[in-house]
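First comes the structure, then the notes that go with it.
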Amino acid sequence: MPQKTYPMTAAGKEKLEAELKELKLVKRPEVIERIKVARSYGDLSENSEYDAAKDEQSAVEQRIAQVEQMLKYADVIDADSVDPNEVSVGKTVTYTEVGEDDPETYTIVGSDESDPLNGKISNDSPIAQALLGKHKGDTVSINTPGGSFDVVINDVKA
């Protein structure tokens, strides 16, 4: 069974690498120290500090495993190597909904990089899925849980 790949920008990969370093070199040792301190308090059966530290340790280890998996199967998209008028991960797309005047602009990024409030949408989102592979000037039908609408792609920038 093929492994899932994780499309991302080069900046997104760098961010994940920095997060992994922080988790391994800072967070993990901090949690281990908290566990040691909590153990020194004696009876572990009623020690809430120990339980909280163990829960945090579990969360940190799960995130480390997740980030390592994402980096191992990272598919770094070089937006500059794609046709300049084609929508791809790493590119910024401006479109106008048919019948509207106000354009909307989004940068399509990997799912871990998404930040819709700052104009970065996941490549897995319905809007990005509809736009990927399309070109400047195309009219695209976008189906979202809130309904469908048509847009015209005004501009694509790397």
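The values are calculated or read from the model by the stated rules, or taken from the named source; none is laboratory data. The structure presented is a predicted model; accordingly, all values stated were derived computationally and were not measured. Please note: Cβ atoms are built from the backbone with ideal geometry, for glycine as well, and neighbour counts cover all protein chains shown. Areas reflect the complete protein model, heavy atoms only, side chains present, ligands, DNA and RNA absent. Shrake-Rupley method; radii C 1.70, N 1.55, O 1.52, S 1.80 Å.
Structure notes:
- Among beta bridges that DSSP assigns inside the chain, antiparallel share in %, nearest 5: 75 percent
- Counting heavy atoms of the protein chains alone, Ile35 has an accessible area of about 10 Å² for a 1.4 Å probe.
- Residue-wise HN-Hα coupling along region 135-144, computed from phi with Karplus coefficients 6.51, -1.76, 1.60 (Hz; x: Gly, Pro): 10, 3, x, 5, 9, 10, 8, 10, 9, 10
- Candidates Ile32, Ile64, Ile77, ranked by Gaussian network fluctuation over the chain, Cα under 10 Å, top entry: Ile32
- Between 0 and 90°, nearest 10: helix 28-39 axis offset from the chain longest Cα axis: 30 degrees
- Charge dipole (debye, nearest 20) of the chain; +1 at Cβ of Lys and Arg, -1 at Cβ of Asp and Glu: 660 debye
- Note on region 1-91: along the principal axes its Cα atoms extend 64, 29, 16 Å, ordered by decreasing extent.
- Taking chymotrypsin sites (Phe, Trp or Tyr not before Pro) as exposed when their DSSP state is a loop state and no more than 16 other Cβ atoms lie within 10 Å, the longest site-free interval of the chain runs over 74-158.
- Given their separation in residues at 0.36 nm each and the Cα-Cα distance between them, Thr139 and Asp43 gain 27.9 nm when the chain is fully extended.
- Added length on full extension, which subtracts the Cα-Cα distance from 0.36 nm per residue, Asp115 to Lys157: 13.3 nm
- Overall form of region 79-157: oblate. Here a/c, set by the Cα gyration tensor axes a ≥ b ≥ c, is 1.5 or more, and a/b is not larger than b/c.
- Relative frequency of Cα-Cα separations exceeding 29 Å in the chain, percent: 39 percent
- Per-residue ³J(HN,Hα) for region 93-109, Karplus 6.51 cos²θ - 1.76 cosθ + 1.60, θ = phi - 60°, Hz, x for Gly and Pro: 10, 10, 9, 10, 5, 4, x, 10, 10, 7, x, 10, 10, 9, 9, 8, 10
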